[in-house]
Structures are given as structure tokens and as C-alpha cells.
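Let me begin by presenting the structure, written as C-alpha cells, before commenting on it.
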Amino acid sequence: MKVGMIGLGDIARKAYLPVVGCRPDIDLSICTRNPARLEEIGNAFRIPPEQRFRTVQDMAEAGVEAVFVHTATEAHVEMVTYLLERGIHVYVDKPIDSTFARSEQIVQLANRQGLVLMVGFNRRFAPPLSGHPRPRETRLGHPAKESGEPSGLGQKRHL
């Protein structure tokens, strides 16, 4: 599958590229306005130069089927609309927009187009931590201190 990633900041580099970039079933393209970052990330993840783009339009024209959008929230509506109107499935970081009305318009567009629009919380599908005890709770619902006393309670205060 031909997948694009727009915006190559920390979340893309730490959470997404290490996973998506090593999957043999994904033909990954990347996009950022920053030429130095484009080269750095492209080289680090062995993405061929012909799959590195400086504009969303160029990436869309290259035939990506789905795109991860990791840009500033203010850019989401315009960018996601552009992609959906071209028949491209989208995963966009939360929130879609700062307003409910514009967010709802994007969801409706995806539905009309019959496309997947997924709003990301990058830990949504992470396996739960196992083998780690949950914090012990007191009868007041506060985490207990090592002594067994609830946090901040039962301590003498001097005036």
C-alpha cells in the first residue's frame, strides 16, 4: 500500500516512522516543507528521493492511498479536505480542528466520499502494560504512600 506521512516532527519520528517505516507491505512517502528535515528523515528511514515531497499536492499526485497528517491543528482542515477530496484515506492527529463545526464538516466529507478518516491518539492500540502492579488506593481514593497513609493525610502540621 502506498502511504504518505505529512509533517515530520517529534510524534512522527518517535511514534510512527519507526513502525510504519519498517513494514515491507507499506511503500512510504514523506512530506515536509523543511528540506533539511526531509533529507535527514528520508536518509534515516531509507526512503528513496523520489518518495520525498515538499508539498501535499505533489505527494497526492504521486498516488498515495492513505496519509498520516502530523501537522499543526490550524492546518488540518485545509489539508485533510484536500486529501479526502482526492480519494485518499486519512489518519489525522487529534484534534481535527479547534471547532466542532469544522471537525464535523470533515467527518461528513469522509463519509460522503466513503473514505476512512481516523483521528489519532497515538497510544490507542498500544498493548496495556502487563506485570506492573496498579497503585494501591486508600479508602479515600488517593494513592497510598509507602507508609500506608493516604497522601497528605495524617501528617502533623506545625504552625
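The table that follows gives values for the structure above.
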read-out	value
Of residues in the stretch 83-107 being of a type outside the set (Lys, Arg) and closer than 21 Å to Asp27 by Cβ, the one farthest from the chain's Cα centre (by Cα)	Gly87
Residue count, the stretch 56-77 (criterion: farther than 19 Å from Arg23 by Cβ and either exposed (fewer than 12 other Cβ atoms within 10 Å of the Cβ) or touching a Lys or Arg at 6+ places or on another chain (Cβ under 6 Å) (or both))	5
Qualifying residue in the stretch 4-12 (condition: surrounded by 17 or more Cβ atoms within 10 Å (Cβ to Cβ), outside any loop (DSSP other than H, G, I, E, B) and without any contact (Cβ under 8 Å) to a residue 60 or more places away in the chain)	yes
Qualifying residue in the stretch 130-137 (condition: at pLDDT 95 or above and of a type in the set (Gly, Ala, Ser))	no
Some residue of the stretch 36-55 being under 27 Å from Gln113 (Cα atoms), in contact (Cβ under 8 Å) with a residue 60 or more places away in the chain, exposed (fewer than 15 other Cβ atoms within 10 Å of the Cβ) and of a type outside the set (A, V, I, L, M, F, W, C)	no
Residue list for the stretch 76-95, filter: on the phi < 0 side of the Ramachandran plot, in a loop (DSSP other than H, G, I, E, B) and at pLDDT 95 or above	Arg86, Ile88
Among (1) among the aliphatic types (A, V, I, L, M); (2) modelled with pLDDT under 95; (3) outside any helix (DSSP H, G or I), the one test that Val67 misses	(2)
Of all residues in the stretch 59-82 being within 18 Å of Ser103 (Cβ to Cβ) and of a type in the set (Asp, Glu), the one that is nearest to the chain's Cα centre (by Cα)	Glu74
Within the stretch 38-60, tally of residues that are touching a strand residue (DSSP E or B) at 6+ places or on another chain (Cβ under 9 Å) and under 11 Å from Arg86 (Cβ atoms)	3
One residue from Arg37, Arg23 being over 13 Å from Lys2 (Cα atoms) and either within 20 Å of the chain's Cα centre (by Cα) or assigned to a loop (DSSP other than H, G, I, E, B) (or both)	Arg37
Residue match in the stretch 45-56 (condition: basic (Lys, Arg), on the phi < 0 side of the Ramachandran plot and modelled with pLDDT of 95 or more)	yes
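Quick grid of which residues meet (1) of a type outside the set (Gly, Ala, Ser); (2) touching a strand residue (DSSP E or B) at 6+ places or on another chain (Cβ under 9 Å):
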| residue | (1), (2) |
| --- | --- |
| Ala75 | no, yes |
| Val80 | yes, yes |
| Val90 | yes, yes |
| Pro95 | yes, yes |
| Ser98 | no, no |
| Gln105 | yes, no |
| Leu115 | yes, yes |
| Gly120 | no, yes |
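The values are calculated or read from the model by the stated rules, or taken from the named source; none is laboratory data. Please read these numbers as outputs of a predicted model, since none were measured by experiment. No Cβ is skipped: glycine too gets one built from the backbone with ideal geometry, and neighbour counts run over all protein chains shown.
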